[in-house]
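S.K.: Attaching a single structure in structure tokens format; questions to follow.
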Amino acid sequence: TGYGLVYITKLAVEKKLNRSLEGMRCAVSGSGNVAQYAAHKLLAFGAKVITVSDSNGVLVFDDGMTMEDWSMLIECKQINRARLSTMNAKCNGRYVAQESPWSLDIQYDLALPCATQNEITKEGAKLLVKNGILGVTEGANLPTNLEGQDVLRENPNIIY
């Protein structure tokens, strides 16, 4: 599912924006299978993964996640079954407790919500638009609530 999400995202970016994923700043929510493999495929295409998250907070990679960071994510979540906060001192990211990628005022080009339903609210969508989001492609089931969808659809240049 994570790989498929990124292949669809890649196609949409190429067709609508006439760009490649290379160098694009991408916020991913979640840290389960979909998010893990979306992040992996984004890295493979040269994108910069800026965030992953869990229900306690978000790990922010200002300069982009490295493949080494991704390997630590896999160890943290699949082997140790730990919270992302335990990665804070071990990786290139900084952990922000009690936040999500959609509540932080940081810039990225693409949003890939892969965590849960209704995670992008009206307020989150407005923040995405304010910060110049180019596209939102969804890996979770119904991750954008109705009000958030309305905000994104009011902006026809956003891939959604």
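The values are calculated or read from the model by the stated rules, or taken from the named source; none is laboratory data. None of the values given here were measured: they were computed from a predicted structure. Cβ: placed from backbone, ideal geometry, glycine included. Neighbour counts: every protein chain shown.
S.K.: Would a scan of region 24-43 turn up a residue that is modelled with pLDDT under 95, touching a helix residue (DSSP H, G or I) at 6+ places or on another chain (Cβ under 8 Å) and over 26 Å from G148 (Cβ atoms)?
M.R.: Looking through region 24-43, none of the residues is modelled with pLDDT under 95, touching a helix residue (DSSP H, G or I) at 6+ places or on another chain (Cβ under 8 Å) and over 26 Å from G148 (Cβ atoms).
S.K.: Same structure, new question: Does region 118-129 include one or more residues that are in a loop (DSSP other than H, G, I, E, B) and hydrophobic (A, V, I, L, M, F, W, C)?
M.R.: Looking through region 118-129, none of the residues is in a loop (DSSP other than H, G, I, E, B) and hydrophobic (A, V, I, L, M, F, W, C).
S.K.: Out of the residues in region 63-90 that are at pLDDT below 95 and farther than 15 Å from S31 by Cα, state the one that is surrounded by the most Cβ atoms within 10 Å (Cβ to Cβ).
M.R.: Only one residue fits best here, namely K90.
S.K.: Pairs needed: first member in region 100-124, touching a residue at least 40 places away in the same chain (Cβ under 8 Å); second member anywhere, in a loop (DSSP other than H, G, I, E, B) and acidic (D, E); C-beta distance under 7 Å; at least 6 residues apart or different chains.
M.R.: S100/E119; W102/E119; P113/E119; P113/E138
S.K.: Continuing with this model, one more query. Taking the condition of being more than 30 Å from R83 (Cβ to Cβ) and either aromatic (F, W, Y) or not in a helix (DSSP H, G or I) (or both), how many residues in region 1-22 meet it?
M.R.: Total meeting the criteria: 4.
S.K.: Select from region 29-85 the residues that are farther than 20 Å from T137 by Cβ, assigned to a strand (DSSP E or B) and of a type in the set (S, T, N, Q) and list them in ascending order.
M.R.: Matches in region 29-85: none.
S.K.: Checking the structure you have, find out if any residue of region 115-126 is surrounded by 22 or more Cβ atoms within 10 Å (Cβ to Cβ), under 19 Å from C26 (Cα atoms) and either among the acidic types (D, E) or modelled with pLDDT under 95 (or both).
M.R.: yes
S.K.: Here's something else I'd like to know. Just checking, does region 43-53 include any residue being at negative phi and without any contact (Cβ under 8 Å) to a residue 24 or more places away in the chain?
M.R.: The answer is yes; a qualifying residue exists.
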